[in-house]
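Here's the structure, in C-alpha cells; my notes come after.
The values are calculated or read from the model by the stated rules, or taken from the named source; none is laboratory data. Note that the coordinates shown come from a computational prediction; the quantities given were computed from them, not determined experimentally. Cβ atoms come from the backbone with ideal geometry, glycine included; neighbour counts cover every protein chain shown. All accessible areas refer to the heavy atoms of the entire protein, side chains included, with ligands and DNA or RNA removed. Shrake-Rupley method; radii C 1.70, N 1.55, O 1.52, S 1.80 Å.
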Amino acid sequence: MTITGADERIHAVEDPSEHWSDSLYFNLWDEESGLFLLTRIAVLPNRPATTAGLIAWLGGKPAYAYGHNLAEAPLADWDDLAVAGLRYRELEPLKTWEITLEDGANRAVLQWEGFTGVVDYADNRQPLPKPVAWGHYEQSARVTGQLEFNGHSINVNGAGQRDHSWGFRDWGGLQEWHWITGFLGTEERRRSFNLFEVVQSDGTRTVNGFVHDGGDDLMIVGAERKTNETGERSPTNVELQLHTDGGRTFTLVGTAHGAEVPVRPAADGGATVVHEQPMRFETDDGLDGYGIYELLENSRR
C-alpha cells in the first residue's frame, strides 16, 4: 500500500476485539541538554478507552512522567487530538507534527519535521504480525521547540522518531519484541534506523525496519542482534548487523545510556513489561549518536 495523508487519521475499526487500537508514538533526543523524551496516545474504540503518556529523562535519569486515561474514545481525530494536558496536532500531513503539554508548571511545545520519507512497514519482506499491528509506518525527524520540567528550561534542537500503528495491539499475544531506534551523525552525514524484531507466542520471528543513509530510506531485509540484559531483562548493550535492500550492511554497537523505565501497557497490569532503555550508539564507519531500545517481554511465556 501507499501511505497518504488519509492514513494520518484514525483508521476505521475492522475487528470487534477489545485489542483493536490506533496509536501515535513520538520520541526525541536533544544531545546538548541530555534530554530524551517519548510520548504515546492510543485510542481503543471497542472498549472504549484512550490512554496517553509522556516520559522524559535528563542526563540519563527519569525526570518527569505524565499520564491520563479516558473511559471513552475521543470524538477528535489525529489532526488535532487532546487528552487532558497532552495534545497532538498535525501541521502538514506526512511531514510535520506539533505536540504540546500543559501540566501546571510543566509544559512543552515541540515540533517533529520528517527528514526521511514515511516508511510503510508493509513494504518489508515480512509483514508485522497481527498481534502488533495491521498497519504501521515510521518516520525519522528533526525535533525543535521548548519545554520546562521541574524548573528545567530547555531549548530543543534534536532528532526523533514517530510512528503510527492501527489494528490489534494484543500485548499478551506476543513472546517479546525488540524495537530499536537510533539517530547518528550530523546534518552533513546523517543516519537513522529502526529495527522492529518480533517473536510471537509460537516462537515465529519477524524482522522489519529501515535505515536512512545518504538521503535514501533502505528497507531492512535481515538482521543479526546480540543483546546483553540484566536479570530483570533491561538491555545493557546490543550488537547489530542490519542488512538492507541493495545488498548493504550496517554494523552498530549500542550501550545503555541512563536508567531504564519499565512500563506495563495493559490496562489490567498483566504480565507484559516494556523496558524503555535510552542507548548510545556507535557504528563501524565512524558515526555515533543516541536512541532507544524498547524490549517487550511477557513473563508468563
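Rounded to the nearest 20, the size of the Cβ-charge dipole of the stretch 16-80 about its Cα centre is 340 debye, with Lys and Arg at +1 and Asp and Glu at -1. Evaluated with a Cβ-only charge set (Lys, Arg +1; Asp, Glu -1), the stretch 143-288 carries a dipole of roughly 140 debye about its Cα centre, given to the nearest 20. Listed peptides 64-75, 238-249 appear in the order 238-249, 64-75 once ranked by packing, highest mean of other Cβ atoms within 10 Å at the front.
Just the number please: accessible area per residue for the chain, 1.4 Å probe, all protein chains included, in Å².
Per residue, the chain has 41 Å² of solvent-accessible surface.
What the Kirkwood sum gives for the stretch 173-301 is a hydrodynamic radius of 15.2 Å, with every pair of different alpha carbons counted. If I compute solvent accessible area with a 1.4 Å probe over the protein chains, what percent of it on the stretch 40-162 is carbon and sulfur? On the stretch 40-162, the fraction of accessible area on carbon and sulfur atoms equals 46 percent.
Heavy-atom surface analysis with a 1.4 Å probe gives the stretch 186-301 a carbon and sulfur content of 43 percent of its accessible area. A dipole drawn for the chain from +1 and -1 charges on Cβ atoms has a positive end, and of G291, G231, V261 the residue lying farthest that way is G231. When the Cα centres of the stretch 56-73 and the stretch 196-231 are compared, how far apart do they sit, in Å? Centre-to-centre (Cα) distance: 26 Å.
With the charge dipole of the stretch 1-117 set up from +1 on Lys and Arg Cβ and -1 on Asp and Glu Cβ about the Cα centre, the Cα lying farthest toward the positive end among the listed residues P45, L70, S17 is that of L70.
For the chain, a simple Cβ point-charge model (Lys and Arg +1, Asp and Glu -1, everything else neutral) yields a dipole of about 540 debye relative to the Cα centre.
D by Stokes-Einstein for the chain, Kirkwood Rh over Cα pairs, 25 °C, 0.890 mPa s: 127 µm²/s. Once you order the gyration tensor axes a ≥ b ≥ c over the Cα atoms, which shape class does the stretch 216-278 get: rounded for a/c under 1.5, otherwise prolate or oblate by comparing a/b with b/c? Here the stretch 216-278 falls in the prolate category.
Can you give me the distance in nm between label points at L94 and V261, each placed 7 Å from the Cα along the Cα-to-Cβ direction? Each label point lies 7 Å from its Cα, and together they span 3.2 nm.
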